[in-house]
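The values are calculated or read from the model by the stated rules, or taken from the named source; none is laboratory data. This one's a predicted model, so the numbers in the text were calculated from it and none came from an experiment. No Cβ is skipped: glycine too gets one built from the backbone with ideal geometry, and neighbour counts run over all protein chains shown. SASA here: full protein model, heavy atoms, side chains in, ligands and nucleic acids out. Shrake-Rupley method; radii C 1.70, N 1.55, O 1.52, S 1.80 Å.
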Amino acid sequence: MRLHLLKSKIHNAVVTSGDLEYEGSITIDSELLELAGMAPNEKVLCANNNNGARFETYIIEGKPGSREIQLNGAAARCALPGDEIIIMAFADFEVEEAQSFKPMILIVDKHNNPKRRHLVGEEEKPL
């Protein structure tokens, strides 16, 4: 049996822009991707803290240091610039792996600057 578990998340990211004409996805600053342990083309689930919407899409790598969180295509209808979202990536694990795995949590401020990160259950580390 395999379990589908949270692998990492970017908590309280603020949407910076949207592009309805683009072919769908979420563009995320590459520095934030690295800190969160996420990768370009990875499937993510996003939850909008402002309106409760949840949507799936895939990651496009954004310019490092831009602090960009841009929703593209249909996803741009699910959150507006200024909305706060949680971006979650998942992975499949064998039961034995799942027992010891700890997801990475990246917490950002209102400008998408990384504030701190930690593995679930461990002490938060300021950045």
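Observations, loosely collected:
- The distance from the alpha carbon centre of segment 69-114 to that of segment 14-30 is 14 Å, rounded to a whole number.
- Candidate values (i) 41, 19, 12; (ii) 29, 20, 9; (iii) 24, 17, 13 were compared with semi-axes √(5λ) of the Cα gyration tensor in Å computed on the shown model; the agreeing label is (iii).
- Since only Ile26, Thr16, Ala53 are under comparison, the one whose Cα sits farthest along the positive direction of the charge dipole of segment 5-59, derived from C-beta charges on Lys, Arg, Asp and Glu, is Ala53.
- Computed magnitude of the charge dipole of the chain (debye, nearest 20; Cβ of K, R +1, Cβ of D, E -1): 300
- Helix-derived mean residue ellipticity, 222 nm - over the chain, DSSP H n ≥ 4, -39500 (n - 2.57), to 500: -2500 deg cm²/dmol
- The share of accessible area on the chain that comes from carbon and sulfur is 51 percent, using a 1.4 angstrom probe.
- For Ile60, the residues whose amide H sits under 5 Å from its own are Ile26, Thr27, Ile28, Asn41, ignoring neighbours fewer than 5 places away on the same chain, with H placed 1.01 Å from N.
- Taking Lys and Arg as +1 and Asp and Glu as -1, the other residues whose beta-carbon sits under 13 Å from that of Lys115 total +3.
- Sequence-distant contacts, meaning Cα pairs under 8 Å at least 6 residues apart, place the relative contact order of the chain at 38 percent.
- A 1.4 Å probe run over segment 46-127, with the rest of the protein chains in place, finds 56 Å² accessible per residue.
- Remark on Glu68: its backbone amide H falls under 5 Å from those of Asp29, a criterion applied only to residues 5 or more positions apart or on other chains, H modelled at 1.01 Å from N.
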